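> Have a look at this one before I ask anything.
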Amino acid sequence: MPTTPTAPETGPEPTATRPASTPSGDVPPMSPPGAASLAGAVPSAGAGAPAGAAADAGLPGVPAPAAELARVAASRADGALATAAPVRLDDVVPAPERVVPDPASDFTLSADAVLRVSPAGRDVAEQLAAWLRPATGFPLPVADAPEGGLPTLTLSPAALARSGEPDGTRLGDEGYRLDVTAGGVRITAATPAGLFHGAQTLRQLLPAPIESPTVVAARWAVPGGTIVDRPRFPYRSAMLDVARHFFAVEDVLRVVDHLARYKLNHLHLHLTDDQGWRIAVDSWPRLAEVGGATAVGGGQGGWYTHADYRRIVAYAARRHVTVVPEIDLPGHTNAALVAYPELAPGKIAPPPYTGTEVGFSYVDPADERTYDFVADVVGEVAALTPGPWLHLGGDEAFKVPADSYRTFVDRAQRLVAVTGKTVVGWHQLAPAEHVDGRVLQWWGTNGDDPETADAVRRGARLILSPGNRAYLDMKYAQDTPIGNDWAGLIDVRRAYEWDPATHVRGVPAEAVLGVEAPLWTESVTTIAEAEFMLFPRLPAVAELGWSPRETHDWPRFRSRLAGQGPRWTTAGITFHPSPEIPWPVTVPPQHRPTDRPGHDRTPLG
């Protein structure tokens, strides 16, 4: 977890409160039990979305609010967009499990297209329509699926039948099947989450101009064939550190959109640290009012009200992303101690901290008042969080004696369990008593970790976030203008070429819950800088979490990733044009992330 360790390892609500190629083969056609479709024409009123969900409100002929964000990039690229290179069925990121192209069956989206859907899939259909309307200018109404007829957007009411599925298995909670014929596109899934992932794949199968916030004259062709797809790991995540530098609600919503685009299904929010406390706690109000007033470098602080946090959680849930809140304990607590000196071992308030060192602060593990504090905080945060997880932190408590640390963690884990949540913690929690379902997040740089392997033997599961592979705050190269390098330099290839299932010795693949890419923010101050560090490495980690191991192939991945560049440029997403990737000529030259004109924090939808 740490971003600056003592020694490198080897191996319309208020927005924020501020103080003052895959294997192929025959896939037979399928007749799913439920049906609906994309083909016919009536104007639609668009999607109903939470306030701030910019692209969700797109209507025919009306630029989405994201237009301001992308206007400069789109105007530069308009000439090339209309003649964008055609997309192949196997160009998708992350790579699908199975792709069977049929070049004779391409589908062209036209102005009279209709999205027909069964009731359980209506919200996904509304989101898909909102993504496609701005660039196409088509009405794309969403209608109920009639009985019979050719379905093009389908949600089945139960898991798919065995026929046609790889190895006779089912798609599960997040899998989908996408069939493209000359007559339409059909997405079939067992759940809305699976349907949503299929809709994101369809979005990538349209030409790159589909990301434009204004109308583009283009042929909207979708390559013919069939994709059958499902995730390798159930937990696929990125983390945003909002404690070192605060990010407003709109920034967080924009990050949610980035995760959803690449089929990541969890957002871990690092809400508390030495430099700032970012979530309001009614029973301990000074945590936010005092502890939230600072940030690294003396920058402006801030915190989320309960309404802010609920808005983030609801926005993410609509995109099938689960928010995982982290309250870092017993260390990384200077902001809390400034607010409530009674929690400090010496009962004296420390000065506010705006530096980047770690390991010096901790709550008093010998005082019962500390456990009242923990119970109140995790209880309130748990009540605000519908997802199953609550992250306790637990790392870098260097000043706490080992016995006291273990006693504290044992009690804190039980306090989380009382709320009904499953405990997640950094792998320093490994020696502590096991509680049912416990998950350790491993951030080491050397895969030989006997303590973590022992915790797994006692029942723990792992989320893999190796610091020298998945930490997105690490610099790409020595001259990267922002970022850290304590875990080494992480270019795209290094972020891609490792296997979560075998990375920690002595940990069987079945104990690996998934993978997460953390973004710590000591040097990251704006959403543009965050995007610069996320892209293009975030899709690399997303592919490790989603795609079958046999599809992982660096030469093919770098080719598929290159095709994402024009999409990011068109959407106004800042990214680092890594020299490892054969970007098309439409991708702009490398720039400092703060130099991008017209960049704002509008969510993309």
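The values are calculated or read from the model by the stated rules, or taken from the named source; none is laboratory data. Everything numeric here is computed off the predicted structure, so don't read it as measured data. Cβ: placed from backbone, ideal geometry, glycine included. Neighbour counts: every protein chain shown. Just so you know, the surface numbers come from the protein's heavy atoms only, side chains and all, with ligands and any DNA or RNA stripped out. Shrake-Rupley method; radii C 1.70, N 1.55, O 1.52, S 1.80 Å.
> Quick one: count up the residues across the stretch 223-268 that are open to solvent by 10 Å² or more (accessible area, probe 1.4 Å), over 21 Å from Leu206 (Cα atoms) and in contact with an Asp or Glu (Cβ under 6 Å, 6 or more places away or on another chain).
Of the residues in that region, 1 qualify.
> May I ask you to list the residues in the stretch 287-312 that are of a type in the set (Ser, Thr, Tyr) and either in a strand (DSSP E or B) or within 24 Å of the chain's Cα centre (by Cα) (or both)? Walk me through how you get there before you give the answer.
Looking only at the stretch 287-312, we keep the residues that are of a type in the set (Ser, Thr, Tyr), and these are 294, 304-305, 309.
Hits for the stretch 287-312 are Tyr304, Thr305, Tyr309.
> Note down all Cβ pairs under 8 Å where the first residue falls in the stretch 107-128 and is within 19 Å of Val216 (Cα to Cα) and assigned to a helix (DSSP H, G or I), the second is open to solvent by less than 10 Å² (accessible area, probe 1.4 Å) and modelled with pLDDT of 95 or more, and they're at least six residues apart or on different chains.
If the second residue must be open to solvent by less than 10 Å² (accessible area, probe 1.4 Å) and modelled with pLDDT of 95 or more, the pairs left are Leu128/Ala199; Leu128/Leu202.
> Answer with yes or no whether Thr152 is of a type outside the set (Lys, Arg) and modelled with pLDDT under 95.
Criteria met by Thr152.
> Spot the failing condition for Thr521; the list is (1) in contact with a Lys or Arg (Cβ under 8 Å, 6 or more places away or on another chain); (2) open to solvent by 10 Å² or more (accessible area, probe 1.4 Å), and only one is missed.
(2)
> So, one more: Can you tell me how many residues within the stretch 450-474 are open to solvent by 10 Å² or more (accessible area, probe 1.4 Å) and aliphatic (A, V, I, L, M)?
1
> In this structure, is Leu513 part of a strand (DSSP E or B), open to solvent by 10 Å² or more (accessible area, probe 1.4 Å) and in contact with a strand residue (DSSP E or B) (Cβ under 8 Å, 6 or more places away or on another chain)?
When the stated conditions are applied, Leu513 passes them.
> Could I ask something else about it? Any chance the stretch 410-428 includes a residue that's touching an Asp or Glu at 6+ places or on another chain (Cβ under 6 Å) and over 21 Å from Phe373 (Cα atoms)?
Yes: one or more hits.
> Here's another thing I want to ask about it. Quick check: anything in the stretch 343-358 at pLDDT 95 or above, assigned to a helix (DSSP H, G or I) and surrounded by 16 or more Cβ atoms within 10 Å (Cβ to Cβ)?
yes
> Moving on. Would you check if there is a residue in the stretch 243-260 being among the small types (Gly, Ala, Ser), part of a loop (DSSP other than H, G, I, E, B) and either over 27 Å from Asn484 (Cβ atoms) or modelled with pLDDT of 95 or more (or both)? I'd like the intermediate steps shown before the answer.
Just the residues of the stretch 243-260 that are among the small types (Gly, Ala, Ser), to begin with: 243, 248, 260.
Then drop every residue that is not part of a loop (DSSP other than H, G, I, E, B), which leaves 243, 248.
Subsequent filtering for residues that are either over 27 Å from Asn484 (Cβ atoms) or modelled with pLDDT of 95 or more (or both) retains 243, 248.
Yes, the stretch 243-260 contains at least one residue that is among the small types (Gly, Ala, Ser), part of a loop (DSSP other than H, G, I, E, B) and either over 27 Å from Asn484 (Cβ atoms) or modelled with pLDDT of 95 or more (or both).
> Could you pull out every one of the helices (runs of 4 or more DSSP H) wholly within the stretch 535-582 that has 3 or more residues that are within 18 Å of the chain's Cα centre (by Cα) and crowded, with 24+ Cβ neighbours inside 10 Å?
537-546
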